[in-house]
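Here is the structure we will look at, set down as structure tokens.
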Amino acid sequence: MNLMYNSTRNKSGQVTASQAILKGLAEDGGLFVPERIPALDISPASLADMSYQETAYAVMKLFLTDYTEEELKTCIQKAYDDKFDTKEIVPLREAGGMYYLELFHGATIAFKDMALSILPYLMTTAAKKNHEDHEIVILTATSGDTGKAALAGFADVPGTRIVVFYPKNGVSPVQEKQMVTQKGSNTCVIGIHGNFDDAQTGVKQLFSDKELGEELRRAGFCFSSANSINIGRLVPQIVYYVYAYGRLVKNGRIQAGEQMNVVVPTGNFGNILAAFYAKNMGLPIGKLICASNENKVLYDFFQTGAYDRNRDFILTSSPSMDILISSNLERLIYHAAGNDADKNASLMRELSKTGRYTVTEEMRMAMSDFSGGFSTEEQTFAEIRRVNEESSYVLDTHTAVASSVYYRVFSKDCGDVPAVIASTASPYKFARSVMSAIDPKYKDMEDFALIDELHTLSGVPIPRAIEEIRNAPVLHDIVIEKDDMKAAVKRFLMNDK
Ligand SMILES: *Cc1c(COP(=O)(O)O)cnc(C)c1O
């Protein structure tokens, strides 16, 4: 029996895992969710001896049941190979009593690589299984990291094209350089005058534009998404929490069965939702700590039960978390409402109409595993300095948000339960902010000089992803108004038709 997937906004019309991955978003605008969360069928003790790839298979086979063993194992082998600069794939690094789960050893040095290394394989396999003969067009909005990770994953993959929209003034210099130097004849990178929410809303509108969909189908294309709304992003992200648990058991920090807490620097709510799924599979996780930067819409939500995006959008030094509409929260809302699509759909209608909604007390109870915290810019920079001074370990700005929240707010009350901090980016990706936090004298240095300074300071080798862009030519220089996204997509696709 296959595990089927439902839309969060509609009771009817189930699809298989591979169909959900192909479609990305459900036709009614909802997100695909599994009809139930499967239980982990290996004991916590045996996790200690499993490699990352073995753990990936053990987790993903439970969710992606219409893939054959061979298909899934092939996808995993191709994804988690020497694109990662460490055999372990995700090392768990202890510093100052906290455990940093380094999710940034892939091709683009951010945690998005964990899922986007495998998504292209899952998707092209899904296309074959479902006899989809149209060319797949990946449409993606990025707050900086998804874009490059998706481009790297899909570049020159036969049968696919990829279009990435990013906020022109809302990403770090390294993030922008990584994207605009992307090679591959099937890639297109476009800056928009607007913020991430504008880009994400624009992409969602393109998905639900029936006329555009039909026009492109006639021309031989079908849309899909590489954003974390795609269930093919979420499932691979569950793996590293299960793997982290195995490491804590292996190194004797906990006994099999004892709990760990998880702290996640959050934007679109995809990463922490994967931890929630891991917990519901039976992995012994205690608290799920959701850390926000100054765009603390999620903190306020967990505090009050009211989600309210009507506020100023703040550009911070952790741009991948500068988000006011956290798409994946919809999946949690749906589960908290007892998998009630009507209830969820009405809250989402309120969100798009008024920018706010409030959940019931009962729903809040169902979300009580989550705690929220936030970190101001000052506090984030102070945390980078503290950890560097005390442990000679350099955090990136996003990881520092989570580390700061845990250290200041939660560590006192957590007893002996270890905290696993999701380390979502290499400090090299945000060298300017990281180095200025450590010492103001770095403020006026040029980007690559800062990278060399960071290398001297941390002793960590400069990642390939950085060396690659040092002298790379700019290949994408289109910048448009946010209302012109549809026309831009058509231009890219229809040019040679
Ligand atoms: C995307 C991203 C986040 C936020 O993750 P979500 O799954 O969107 O909550 C945090 N840190 C970094 C470095 C990221 O790239």
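The values are calculated or read from the model by the stated rules, or taken from the named source; none is laboratory data. Quick caveat: nothing in here was measured; it's all calculated off a predicted structure. Counting neighbours? That spans all protein chains shown, and the Cβs are built from the backbone with ideal geometry, glycine included.
Quick look at the values:
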{"quantity": "Residue ID - nearest to the ligand (Cβ to nearest atom), chosen from residues in the range 307-343 that are part of a helix (DSSP H, G or I) and more than 17 Å from TYR357 (Cβ to Cβ)", "calculated": "SER320"}
{"quantity": "Residue within the range 54-75 that is surrounded by 23 or more Cβ atoms within 10 Å (Cβ to Cβ) and basic (Lys, Arg) present", "calculated": "no"}
{"quantity": "Residues (closer than 24 Å to MET321 by Cβ and among the acidic types (Asp, Glu)) located in the range 80-131", "calculated": "GLU102, ASP113"}
{"quantity": "Identity of the residue in the range 393-419, in contact (Cβ under 8 Å) with a residue 60 or more places away in the chain and outside any helix (DSSP H, G or I), that ends up farthest from the ligand (Cβ to nearest atom)", "calculated": "VAL417"}
{"quantity": "Residue under evaluation LYS83, criteria (1) exposed (fewer than 14 other Cβ atoms within 10 Å of the Cβ); (2) at pLDDT below 95, criterion not met", "calculated": "(1)"}
{"quantity": "Count of the range 34-53 residues which are in contact with a Phe, Trp or Tyr (Cβ under 8 Å, 6 or more places away or on another chain) and either surrounded by fewer than 14 Cβ atoms within 10 Å (Cβ to Cβ) or modelled with pLDDT of 95 or more (or both)", "calculated": "8"}
{"quantity": "Condition broken by GLY373, with the remaining ones in (1) assigned to a helix (DSSP H, G or I); (2) closer than 17 Å to ASN261 by Cβ; (3) of a type in the set (Gly, Ala, Ser) satisfied", "calculated": "(1)"}
{"quantity": "Candidates SER352, SER346, SER436 - the one that is out of contact with any Pro (no Cβ under 7 Å at 6 or more places or on another chain), at pLDDT below 95, more than 16 Å from the ligand (Cβ to nearest atom) and small (Gly, Ala, Ser)", "calculated": "SER352"}
{"quantity": "Breaking point among (1) of a type in the set (Ser, Thr, Tyr); (2) more than 20 Å from PRO319 (Cα to Cα); (3) surrounded by fewer than 21 Cβ atoms within 10 Å (Cβ to Cβ), for TYR407", "calculated": "(3)"}
{"quantity": "Filtered residues of the range 333-347 (kept if over 15 Å from TYR5 (Cα atoms) and either of a type in the set (S, T, N, Q) or touching a strand residue (DSSP E or B) at 6+ places or on another chain (Cβ under 8 Å) (or both))", "calculated": "ASP342, ASN344, ALA345, SER346, LEU347"}
{"quantity": "Residue selected from the range 138-172 under the condition within 15 Å of the ligand (Cβ to nearest atom), assigned to a helix (DSSP H, G or I) and not polar (S, T, N, Q), by the criterion surrounded by the fewest Cβ atoms within 10 Å (Cβ to Cβ)", "calculated": "ALA152"}
{"quantity": "Wholly enclosed strands (runs of 3 or more DSSP E) of the range 1-48 bearing at least 3 residues of a type outside the set (Val, Ile, Thr) and closer than 16 Å to TYR334 by Cα", "calculated": "5-7, 10-15"}
{"quantity": "Close pairs (6 angstrom Cβ cut-off, 6 or more residues apart or separate chains): free of Cβ contacts under 8 Å to residues at least 40 places away in the same chain in the range 1-22, aliphatic (A, V, I, L, M) anywhere", "calculated": "GLN14/MET4"}
{"quantity": "Qualifying position, being hydrophobic (A, V, I, L, M, F, W, C) and over 20 Å from PRO44 (Cβ atoms), among MET260, MET179", "calculated": "MET179"}
{"quantity": "Test: residue in the range 120-137 that is under 16 Å from ALA465 (Cβ atoms) and either in a helix (DSSP H, G or I) or within 16 Å of the ligand (Cβ to nearest atom) (or both)", "calculated": "no"}
{"quantity": "The range 420-432 residues that are part of a strand (DSSP E or B), paired with ones that are more than 9 Å from the ligand (Cβ to nearest atom) and of a type in the set (Asp, Glu) (beta carbon under 9 Å, 6 or more apart)", "calculated": "SER423/GLU102"}
{"quantity": "From the options GLY213, GLY252, residue that is more than 25 Å from SER117 (Cα to Cα), touching a strand residue (DSSP E or B) at 6+ places or on another chain (Cβ under 8 Å) and not basic (Lys, Arg)", "calculated": "GLY213"}
{"quantity": "ARG349 vs. criteria assigned to a loop (DSSP other than H, G, I, E, B), surrounded by fewer than 16 Cβ atoms within 10 Å (Cβ to Cβ) and either of a type in the set (Phe, Trp, Tyr) or over 20 Å from the mean Cα position of the chain (by Cα) (or both)", "calculated": "no"}
